[in-house]
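What follows draws every value from the coordinates through simple rules; no lab data is involved. As the structure is a prediction and not an experimental result, all values here were calculated from the model. Please note: Cβ atoms are built from the backbone with ideal geometry, for glycine as well, and neighbour counts cover all protein chains shown.
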């Protein structure tokens, strides 16, 4: 008759319990990490939506003619999808015949914290009057 050793008999109860505890700790860490990842994805989605709305507003304003752009009211605002968009047009800033458009987006994130992002674009007057020589 062959003598059996301990390794041939299998794992002891203590070894199985230790393995289960280690597995449980690993799974808890994975669950906590997935929660952090979910929040980061949610915040990234919010930033993406806000940026898209602000950039669309900026492109809409800069797509207009220079004369129409500077004839508009200087401060405007609108609320879209819970995001407050405000934009202002600065005439002759930073140079003569250049209009600066600043779009500012305000929103409240999922944690209830107020957030703000802004975009700045410039448009020049394509027709600059030529002064006559004297």
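Here is how the numbers come out for the structure above:
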item: Label-point separation in nm, residue 18 to residue 35, each point 7 Å along Cα→Cβ; result: 3.0
item: Paramagnetic reach from residue 97 (point 7 Å along Cα→Cβ, amide N under 12 Å) across the range 103-127; result: 124-127
item: Gyration tensor verdict on the range 78-134 (Cα atoms; rounded if a/c is under 1.5, prolate if a/b is larger than b/c, oblate otherwise); result: prolate
item: Fully extended contour minus Cα-Cα distance, from residue 77 to residue 125, at 0.36 nm per residue; result: 14.8 nm
item: Relative contact order of the chain, pairs being alpha-carbon contacts under 8 Å that are 6 or more residues apart, as %; result: 18
item: Column: log10 I(q)/I(0), Debye, Cα scatterers of the chain, q = 0.15, 0.16, 0.19 Å⁻¹; result: -0.84, -0.90, -1.06
